[in-house]
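The values are calculated or read from the model by the stated rules, or taken from the named source; none is laboratory data. Because the structure is predicted, anything quoted here is derived from the model rather than measured. When we count neighbours, we look across all protein chains shown, and the Cβ atoms used for this are built from the backbone with ideal geometry, even at glycine. Surface areas here come from the heavy atoms of the whole protein model, side chains and all, with no ligands, DNA or RNA. Shrake-Rupley method; radii C 1.70, N 1.55, O 1.52, S 1.80 Å.
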Amino acid sequence: MKPIFEKRWIFLFYLTFTFILYLPTLPGEFYFDDGFLLENKFITDLSKLPKLFEGGQTISPMRGISTSSFALTYSIFGWSPFAFRSFNIFLHFVNSCLIWSIVLELLSRTRQVSEHSLQKSTTDQWIAFFVGAIFISHPVLTSGVAYIFQRNGELATLFYLLTFSFFLKGFPQNKTPNVIWILASGLTYILSTWSKEIGITFIAIAIWFDLTLQPREGRLRRIKYFFPLALACIFSLFMAWLTMVNTPILKRTMYGDWGVWANVITQWNVLIEYLKIIIWPSLEALNIDHDYPISLSIMDHKAWLSGLILFCITAFAALARKIQPLLAFSVGWFFIVLIPESTIIPISEVMVEYRLYLPAIGWVLTLVLFLNFFAEKVPNKNSLQIFGFLILILLSCVTWQRNQIMGTELLVWKDAAEKGPLNIRANTAFATFLQKSGENEKALAVFKKAADLTDMKLPFKQSYPMPHNEWGAYLLEQGKREEAKGRFISALKINPRYLPSLENLTRIMEKTPLKNYERDYLAVFQKVDLFPKGHYNLGNYYLDKKEYEKAKGEFLTAIEQDQNFSDAHNNLGTVWGLIGNYQKAEMSFLKALEINPKNSEAKNNLEKLNAMVAGVKTP
């Protein structure tokens, strides 16, 4: 095949094209789950890289490779969003080059396998070029590139494509399988899987490839050579299970509280939404935080219609397997890769665009193949190029506009909040960044909206304590103490350990008049499950009134809720001493000093107790 362009010029175009489109995102900040990187102490110390593969330090132990890449970026550039995002953009370019190479190889095989193939040498090169270029410029992939934490998807895709490339070399057309390349594909398969869980699907892609693009003859003999892939798959799954058993994982992705069947039905709808935004990626349809509704019944007209459409697409792919094998393969790619995140497991992130990064390759290839089919119906021999560049221009315009938003966290959440009026998380985040920008009045209005949404108890909506807390802080500034207290209590009902609300509630309660002290504290305890400082304060109130049994009970409760509460241990020791239990008093003082060696009051109390027990009078 004589190239219409030299490879280096294609890659240079891809590189320039990629960085130009993502230029608006480079001045941006870390946002959304990027905060996970900033909080992870292992990322800032390369000597602790092995810890990233032990579980408990990442969303999953199967993301050790991608998290290690963040550590390496930090070791060179520090916490520079520009450097982190630039590396993501570079990965996007590299993936597009691999896609170009793989599509050329697949088109070549299609010509050899199918006498119905419509592609000729020059056309094949244009198809491969446009698949890579559309992958670069597609707006739906912006969250997978500009959103720094989603490098895990890009790295998984990089190793996935390398695995496929090595796999193709391992199974050359009409030749004996090459074991070296097959073993290499097994290694990169592991790297893909340990970058993100979707990598595990490659073995299914390999089987689908054999069913669609390989001759039926010799299939059983070829399948035997899949052993390294099967071994890599089993190894990855076993290691993931082992680390999850030994070390609890920090679950930044929460599981939804709906059933498996409801999730399956909902994902039918989501898959159709994914197809819609890939085929027609309007700026209005793109959102970093889709607030997608849960479908509970197949009788929902949207659910059964989505199921019917998916059935028709699947049937089309099965029927096209013999007459248009590459088209069937590309359709199958899209659905197979989405299996881990869009089938039976109820994940609270029902629909997110960054999940499309790897699956979109299949659908982009499908779109370009259809584009070529229609171009061949047009008399103009350059119709494919005309249509292709026209689509590139349109997609690039949308991507450029989308990246204007993706570069700034405030705009990201403003966009999400405006597109998701019932989205509690988006409205909370938007209000937070309005507040950081100094727009306090606007922030308060959005916090109120988010708090009201929380109070509505909408089904399957995750609640957040922050809106109630910020609203309460505003009310407190206005002198509306009781209303503010109610908001802080509402926040603590959502998250009993939410520190800002605990501190704010403590400030209010410490100003309670003595005549209402006991009544007001006991009333709060009926509504708040975790309030160690409150129990400590009430214990001190009882201690002053010499109601030692009640004081002891409050201090014990405070310690039960916060075992490292040094002052509570100290005051409990005082109560034990006053009621004559000197042994327990000593233990309490010692515990207070163990927690806080600088606790001078506990030190003085211990000295006085020891002197008294020894019969020595102290001044």
Checklist entry - Label points 7 Å out from Cα along the Cβ direction at Met612 and Ile279: separation in nm? => result 8.3
Checklist entry - Under the Kirkwood approximation for Rh and a Cα-based Rg, what ratio Rg/Rh is obtained for the range 511-584? => result 0.97
Item to check | Accessible area per residue in Å² at 1.4 Å probe, computed on the chain | outcome: 47
Item to check | Highest-first arrangement of 599-611, 415-427, where packing means the average Cβ count within 10 Å | outcome: 415-427, 599-611
Next on the checklist: Please report Rg (one decimal) and Dmax (integer) in Å for the Cα set of the chain.
Outcome noted: 30.6, 112
Next on the checklist: Using a 1.4 Å probe on the protein heavy atoms, what percent of the accessible area of the chain belongs to carbon and sulfur?
Outcome noted: 63
Checklist outcome for this item: Taking R0 as 30 Å and r as the Cβ-Cβ distance between Leu237 and Ile272, the FRET efficiency 1/(1 + (r/R0)^6), rounded to the nearest 0.05, comes to 0.50
Item to check | Dipole magnitude of the range 467-619, debye to nearest 20 (Cβ charges: Lys/Arg +1, Asp/Glu -1, about Cα centre) | outcome: 200
Checklist entry - Helix 64-77: angle to the longest alpha-carbon principal axis of the chain, degrees 0 to 90, nearest 10? => result 80
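If each residue of separation counts as 0.36 nm, what is the full-extension length gain between Gln385 and Lys436 once their alpha-carbon separation is subtracted?
13.6 nm
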Next on the checklist: With equal scatterers on the alpha carbons only and no solvent term, can you work out the Debye log10 of I(q)/I(0) for the range 93-234 at 0.10 1/Å?
Outcome noted: -0.36
Next on the checklist: Which lysines, if any, have their Cα less than 25 Å from the Cα of Lys584, not counting same-chain residues under 8 positions apart?
Outcome noted: Lys533, Lys545, Lys546, Lys550, Lys552, Lys598, Lys603, Lys608, Lys617
Checklist entry - How large is the charge dipole for the chain, taken about the Cα centre, if only the Cβ atoms of Lys, Arg (+1) and Asp, Glu (-1) carry charge, to the nearest 20 debye? => result 1220
Next on the checklist: Checking the cross-link filter: which aspartates and glutamates have an alpha carbon closer than 17 Å to that of Lys7, excluding same-chain neighbours under 8 positions apart?
Outcome noted: Glu105, Asp124
Checklist entry - Looking at the range 368-464, how many pairs of lysines come closer than 28 Å at the Cα, when each pair is eight or more places apart or spans two chains? => result 22
Item to check | Electrostatic dipole magnitude of the range 126-221 [Cβ: Lys, Arg +1; Asp, Glu -1; Cα centre; debye, to 20] | outcome: 220
Item to check | Dipole of the chain, positive end: most advanced residue of Phe460, Leu502, Ser75 [Cβ charges, Cα centre] | outcome: Ser75
Checklist entry - Which of the listed residues, Leu358, Ser383, Thr399, is farthest toward the dipole's positive end in the range 353-439, when Lys, Arg count +1 and Asp, Glu count -1 at the beta-carbon? => result Ser383
Checklist entry - Given q = 0.09, 0.13, 0.21 Å⁻¹, what are the Debye log10 I(q)/I(0) values for the range 257-416, with equal point scatterers placed on the Cα positions and solvent ignored? => result -0.36, -0.74, -1.39
